[in-house]
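K.L.:
First the structure, then my questions, so here it is.
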Amino acid sequence: METIIISLGGSLIIPDSLDTDFLKDFKKLILSAVSEGKKFVIITGGGKLCRRYNEAAYEISKLGNDDLDWLGIYSTRFNAEFMRLILGAEFTEDKIILDPTMPFDFTKPIVLGGGWKAGNSTDLVAVSIAQKVGAKKVINLSNTDYVYDSDPKKNPNAKKIENISWADYRALIPKDWNPGLNSPFDPIASEIAEKEGIEVVIMNGKPIDNLENYLKGEKFLGTVIK
């Protein structure tokens, strides 16, 4: 059975409020793929849930980076539990992954996980899981269509990139990771993915047809980094 690793951005789960339309479509697609023999490890991000807690905590108590990071980690874990429940107990493991370095059960076709520890992103968790299960591809699913040669929010002439090497991609992004970093894929996770020969696909989860096309080996919109 093919094992597919998805880093599911919190921006899709809870952009402002919970996006039930996306979640229904995502569930339908994943369970359809499961019926065809695929297995999934889905690592969830925090989205607005994380940002709102962090902003409120910092405003009230001026917390340090580690404390804010842990708040973010717990929000990703909450989202992982939420996704585990809505995908259904019949298909998902009972416990989410809290530490990607530890063994985990794969008696059911879907395993959920969230953040690991301060100083690490969910992208890094996804790459670590890919190493563990021998997967050579990670899907980074978010509200981003492509990797661009510059920030499209600041540069209206930014050019989309459909295929890029790890060396060229890493030259575009910061070398260090921090909890507020705005990068399509975390620099530390990128370094490991390059060393391990793991391909990462950056794509928008909406419309869901885009992910469906990728899973079927058909043409999709997004950036392949390898």
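K.L.:
Select from the stretch 202-226 the residues that are within 16 Å of residue 26 (Cβ to Cβ) and hydrophobic (A, V, I, L, M, F, W, C) and write down the one among them that is nearest to the chain's Cα centre (by Cα).
P.N.:
Per the criteria, the residue is 203.
K.L.:
For the stretch 167-206, which residues satisfy the criterion of being out of contact with any strand residue (DSSP E or B) (no Cβ under 6 Å at 6 or more places or on another chain), at pLDDT below 95 and not in a helix (DSSP H, G or I)?
P.N.:
Across the stretch 167-206, the qualifying residues are 173, 174, 175, 176, 177, 178, 179, 180, 181, 182, 183, 186.
K.L.:
Let me ask you something else. Restricting attention to the stretch 94-143, and to residues there that are of a type in the set (Asp, Glu) and touching a Phe, Trp or Tyr at 6+ places or on another chain (Cβ under 7 Å), which single residue is farthest from residue 176 (Cα to Cα)?
P.N.:
If we take residues in the stretch 94-143 being of a type in the set (Asp, Glu) and touching a Phe, Trp or Tyr at 6+ places or on another chain (Cβ under 7 Å), then 99 is farthest from residue 176 (Cα to Cα).
K.L.:
Just a yes or no: is a residue in the stretch 135-144 without any contact (Cβ under 8 Å) to a residue 40 or more places away in the chain and either over 30 Å from residue 105 (Cα atoms) or in a helix (DSSP H, G or I) (or both)?
P.N.:
Quick first cut of the stretch 135-144, residues without any contact (Cβ under 8 Å) to a residue 40 or more places away in the chain only: none.
So far as the stretch 135-144 goes, no, none of its residues is without any contact (Cβ under 8 Å) to a residue 40 or more places away in the chain and either over 30 Å from residue 105 (Cα atoms) or in a helix (DSSP H, G or I) (or both).
K.L.:
Same structure, new question: Of all residues in the stretch 6-32, which are over 14 Å from the mean Cα position of the chain (by Cα), of a type in the set (A, V, I, L, M) and at pLDDT 95 or above?
P.N.:
If the condition is that a residue be over 14 Å from the mean Cα position of the chain (by Cα), of a type in the set (A, V, I, L, M) and at pLDDT 95 or above, then 23, 29, 30, 31 are the ones that fit.
K.L.:
Cβ-Cβ below 7 Å, separation at least six or inter-chain, first residue in the stretch 109-134 and under 20 Å from residue 199 (Cα atoms), second of a type in the set (Asp, Glu): which pairs?
P.N.:
121/186; 123/186; 124/186; 131/196
K.L.:
If I go through the stretch 1-31 residue by residue, how many of them are among the β-branched types (Val, Ile, Thr) and outside any strand (DSSP E or B)? Lay out the reasoning, then the answer.
P.N.:
Here is the first cut: in the stretch 1-31, the residues among the β-branched types (Val, Ile, Thr) are 3-6, 13-14, 20, 30.
Narrowing further to those that are outside any strand (DSSP E or B): 13-14, 20, 30.
Matching residues across the stretch 1-31 total 4.
K.L.:
Kindly establish whether residue 49 is of a type outside the set (Asp, Glu) and over 19 Å from residue 139 (Cα atoms). Step through it out loud before you land on a result.
P.N.:
Numbers: of a type outside the set (Asp, Glu): yes; over 19 Å from residue 139 (Cα atoms): yes.
Criteria met by residue 49.
K.L.:
Out of the residues in the stretch 58-99 meeting the condition of being assigned to a helix (DSSP H, G or I), touching a Gly at 6+ places or on another chain (Cβ under 7 Å) and of a type in the set (A, V, I, L, M), tell me which one is farthest from residue 39 (Cα to Cα).
P.N.:
Per the criteria, the residue is 73.
K.L.:
Within the group 206, 136, 159, 195, which residue is among the basic types (Lys, Arg) and crowded, with 17+ Cβ neighbours inside 10 Å? Write out each step before concluding.
P.N.:
Numbers: 136 fails: crowded, with 17+ Cβ neighbours inside 10 Å; 159 fails: crowded, with 17+ Cβ neighbours inside 10 Å; 195 fails: crowded, with 17+ Cβ neighbours inside 10 Å.
Sole residue among the options that is among the basic types (Lys, Arg) and crowded, with 17+ Cβ neighbours inside 10 Å: 206.
K.L.:
On to the next question. For residues in the stretch 50-69 being out of contact with any Leu (no Cβ under 9 Å at 6 or more places or on another chain) and either hydroxyl-bearing (Ser, Thr, Tyr) or in contact (Cβ under 8 Å) with a residue 12 or more places away in the chain (or both), which is surrounded by the fewest Cβ atoms within 10 Å (Cβ to Cβ)? So that I can check it myself, show each step before the final result.
P.N.:
Going through the stretch 50-69, the residues out of contact with any Leu (no Cβ under 9 Å at 6 or more places or on another chain) turn out to be 51-52, 55-56, 59-62, 64-69.
Now restrict to residues that are either hydroxyl-bearing (Ser, Thr, Tyr) or in contact (Cβ under 8 Å) with a residue 12 or more places away in the chain (or both): 61, 65-66, 68-69.
Details: 61: 9, 65: 12, 66: 12, 68: 19, 69: 22.
Among residues in the stretch 50-69 that are out of contact with any Leu (no Cβ under 9 Å at 6 or more places or on another chain) and either hydroxyl-bearing (Ser, Thr, Tyr) or in contact (Cβ under 8 Å) with a residue 12 or more places away in the chain (or both), the one surrounded by the fewest Cβ atoms within 10 Å (Cβ to Cβ) is 61.
The values are calculated or read from the model by the stated rules, or taken from the named source; none is laboratory data. Bear in mind that the values here come from a model prediction, so they are computed numbers and not experimental data. Cβ coordinates were reconstructed from backbone atoms using ideal geometry, including for glycine residues, and neighbour counts include every protein chain displayed.
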